[in-house]
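The structure under discussion appears below in the form of structure tokens.
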Amino acid sequence: MCQHSRMYRPLPQSQELSELKDLRTIVSNSSYFKMPDHVRVLSNKLVNGDAANAKYDGKSLGNLYAGSSGDHMEKLVGKWFLGSDRPVSDQPETKEKFKYEKANGSLFQNGVSYQDINQGYLNDCYFLAGLGEVAFRSPQTIQNMFIDNGNSTNTYTVRFYVNGVADYVTVDKYLPVDKSGNFVYAQPGQFNKKHFTDPNNELWVALAEKAYAQWNESGKIVRDNTNSYKGIEFGWDREVVKHITGRNSTRSTSFDFNTMVSAFNSGSLMGVSSNPNASQIDPKSRIAANHVYVVVGYNSSTQKFKLFNPWGMNDDVAGYNVGTFDISFNELKANFSGWSRTT
């Protein structure tokens, strides 16, 4: 598809229509051509259309049609295969503007761990908690959601699921940074203020977050359908678990001790959501209001659960528990409004 786009040039309308039909025929016969699933899905978006094709870099574009210019084709190829249509990274409320820089580092370092997660300046704890739930129980699922497209492109194709069916987007290694060159959203590693030039950056969390922001534009996650970081703020961890694993996840507002212990011991992916207002939180609990935590342990001797705060292992926020910490069931009931689990 990429090679074809570089060769694309104005043709008589009948021939243009024939070319488009040929492309669609190739995609519809993907099994005959032994096309990998992610290539098939992305090619289908390119030649048959997708809601995200409406814009490129914030400007009107549209689906491919007979008579489309070579530039139109190149932009669609860039969007789906090269990750060149990056999410809007600015914050409209604070009027902060961030630029993209190519991040040094590797996708994974020493495997996958929920402790790699470190939330940045975006209200997407639900997404990072869902990511952490999967990383805790099934790190291989996280590894398998990324397809490395090779050093020549420095891109990764990222897999999500819609109703159990795989869907894909492609991201490049460019990430939003502030004026000092530090990452502003999910940090690539356990420490804050990581610089984009640091060769020790671990990128999987930041790239998954970026991919989710891009995927939002296709309308698959039922949000504002924008290609933006702002568009993925606030949500439910159970939906993220569905999107990453293809499995069903449900939320309950009823806290039953035996049910929660049984769910954890059976291997369910679990998260807990704190009460929405600070006035509903006991200050002594050191729990952040309107925040999602990952359940990463249960001790039958103490009958306490262990939670992970997506703010990260090495963050230091006065008055709040960060990293992992133990909590009693009574504290859970008093300070949390609901919990999720895979079924």
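Of note:
- Residue in the stretch 188-196 that is closer than 11 Å to residue 103 by Cβ, without any contact (Cβ under 8 Å) to a residue 60 or more places away in the chain and outside any loop (DSSP other than H, G, I, E, B) present: yes
- Flag for residue 115 being within 23 Å of residue 196 (Cβ to Cβ) and either surrounded by fewer than 17 Cβ atoms within 10 Å (Cβ to Cβ) or at pLDDT below 95 (or both): no
- Options 124, 148, 172: the member that is over 16 Å from residue 212 (Cα atoms), in the same structural domain as residue 227 (by TED's automatic domain parsing) and either surrounded by fewer than 23 Cβ atoms within 10 Å (Cβ to Cβ) or of a type in the set (D, E, K, R) (or both): 148
Here is a yes/no grid of residues against (1) free of Cβ contacts under 8 Å to residues at least 60 places away in the same chain; (2) over 13 Å from residue 170 (Cβ atoms); (3) in a loop (DSSP other than H, G, I, E, B):
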| residue | (1), (2), (3) |
| --- | --- |
| 25 | yes, yes, no |
| 38 | no, no, no |
| 43 | yes, no, no |
| 62 | yes, yes, yes |
| 67 | yes, yes, yes |
| 72 | yes, yes, no |
| 85 | no, no, yes |
| 101 | no, yes, no |
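- The lone exception for residue 331 - which of (1) acidic (Asp, Glu); (2) over 28 Å from residue 121 (Cβ atoms); (3) free of Cβ contacts under 8 Å to residues at least 40 places away in the same chain it fails: (3)
- Selected residue (criterion: surrounded by the most Cβ atoms within 10 Å (Cβ to Cβ)) from residues of the stretch 151-164 that are over 15 Å from residue 210 (Cα atoms) and touching a residue at least 12 places away in the same chain (Cβ under 8 Å): 161
- Residues within the stretch 212-240 that are among the hydrophobic types (A, V, I, L, M, F, W, C) and in contact with a Lys or Arg (Cβ under 7 Å, 6 or more places away or on another chain), tallied: 2
- All strands (runs of 3 or more DSSP E) inside the stretch 220-307 with 2 or more residues being surrounded by fewer than 19 Cβ atoms within 10 Å (Cβ to Cβ): 249-252, 292-299
- Scanning the stretch 36-48 for residues that are closer than 18 Å to residue 158 by Cβ and surrounded by fewer than 16 Cβ atoms within 10 Å (Cβ to Cβ) returns 36, 37.
- Residue count, the stretch 27-36 (criterion: assigned to a helix (DSSP H, G or I) and either in contact (Cβ under 8 Å) with a residue 40 or more places away in the chain or of a type in the set (Ser, Thr, Tyr) (or both)): 1
Residues checked against (1) within 25 Å of the chain's Cα centre (by Cα); (2) in the same structural domain as residue 115 (by TED's automatic domain parsing); (3) modelled with pLDDT under 95:
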| position | (1), (2), (3) |
| --- | --- |
| 265 | no, no, no |
| 271 | yes, no, no |
| 276 | yes, no, no |
| 292 | yes, no, no |
| 298 | no, no, no |
| 302 | no, no, no |
| 306 | yes, no, no |
| 315 | yes, no, yes |
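- Flag for residue 81 being surrounded by fewer than 17 Cβ atoms within 10 Å (Cβ to Cβ), among the aromatic types (Phe, Trp, Tyr) and either within 26 Å of residue 20 (Cβ to Cβ) or touching a residue at least 60 places away in the same chain (Cβ under 8 Å) (or both): no
The values are calculated or read from the model by the stated rules, or taken from the named source; none is laboratory data. In this text the structure is predicted, and so the values were computed from the model without any measurement. As a convention, Cβ positions derive from the backbone with ideal geometry for all residues, glycine included, and neighbour counts pool all protein chains shown.
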